[in-house]
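Heads up: the structure comes next, in structure tokens.
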Amino acid sequence: MTNQPGLVIAVSGASGAVLTNATVHQLLKFKIPLEIVCSDYGELMWKQETDERFRDAIARWSDLGDIRVHRPDNVAAPIASGSFPTRGMAVIPCSMATVGAIASGAGHNLLHRAADVTLKEKRPLVLVPRETPLSLIHLRNLTTLAEAGATILPPDPAFYLRPQSLDDVVEALATRILYALRVVPEIDAEHAWTGANN
């Protein structure tokens, strides 16, 4: 790992592996060290959606930059403490069970604890929730987290960009995540709204 603070990337047991992958690739282009934690069900969903084991994804990413992986049950990992410096955290995708655990402050694994630390240290916390429709309980939990300082970033396509493929949609969303994490100062022209044509 380099000496600069890294970002925590967490993967929970919801659908959205393609977005995690795109975001990690964009972050590694900025030479940002990544601290990665994936829940057990997150690993299962990764295999279901990509036909790739999560450990193989880690190997691919490790060829591109600094990656450190933490087991979800290792609540003694460095990212479980506010004294360990990070630039923030993103949960991509973020299941409603994970939302509920973080919102309650009573999490039971490293993913939940790292998110709790990110909030209390007032670092950027970006949650990419994957559920539809949303129940009142979901909405209340998301509201609690937004009020606590988290950015709630649903993976909604920017149709005004006229995406031609799923890759276009995913890359635009990954760019928004980097912006929310304060990795980039602005949305690049390719992915920004520039006004309507008359």
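The values are calculated or read from the model by the stated rules, or taken from the named source; none is laboratory data. Keep in mind it's a predicted model, so treat the numbers as computed, not measured. With ideal geometry, Cβ positions are generated from the backbone for all residues, glycine too; neighbour counts draw on all protein chains shown.
Residue 92: touching a Phe, Trp or Tyr at 6+ places or on another chain (Cβ under 9 Å) and of a type in the set (A, V, I, L, M), yes or no?
The answer is no for residue 92.
Scanning the range 168-198 for residues that are among the polar types (S, T, N, Q), buried (at least 19 other Cβ atoms within 10 Å of the Cβ) and in a loop (DSSP other than H, G, I, E, B) yields a total of 0. Right, residue 87: among the basic types (Lys, Arg) and part of a helix (DSSP H, G or I) or not? Criteria not met by residue 87. Residues of the range 19-34 that are among the β-branched types (Val, Ile, Thr) and over 12 Å from the mean Cα position of the chain (by Cα): 32 alone.
If the condition is being in contact with a Gly (Cβ under 7 Å, 6 or more places away or on another chain) and in a helix (DSSP H, G or I), then the range 116-163 contributes 116, 117, 118, 119, 120, 141.
Let's see how each residue does on (1) at pLDDT below 95; (2) touching a helix residue (DSSP H, G or I) at 6+ places or on another chain (Cβ under 9 Å); (3) not acidic (Asp, Glu):
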{"site": "123", "(1), (2), (3)": "no, yes, yes"}
{"site": "129", "(1), (2), (3)": "no, yes, yes"}
{"site": "138", "(1), (2), (3)": "no, yes, yes"}
{"site": "180", "(1), (2), (3)": "no, no, yes"}
{"site": "186", "(1), (2), (3)": "yes, yes, no"}
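Restrict the check to the range 158-171 and report whether at least one residue is of a type outside the set (Asp, Glu), in contact with a Pro (Cβ under 9 Å, 6 or more places away or on another chain) and within 20 Å of residue 7 (Cβ to Cβ). Yes, the range 158-171 has at least one match. Within the range 26-38, if we keep just the residues that are touching a residue at least 60 places away in the same chain (Cβ under 8 Å) and surrounded by fewer than 23 Cβ atoms within 10 Å (Cβ to Cβ), the residue that is nearest to residue 116 (Cα to Cα) turns out to be 32.
Against the numbered list (1) exposed (fewer than 12 other Cβ atoms within 10 Å of the Cβ); (2) more than 17 Å from the chain's Cα centre (by Cα); (3) among the charged types (D, E, K, R), residue 156 comes up short only at (2).
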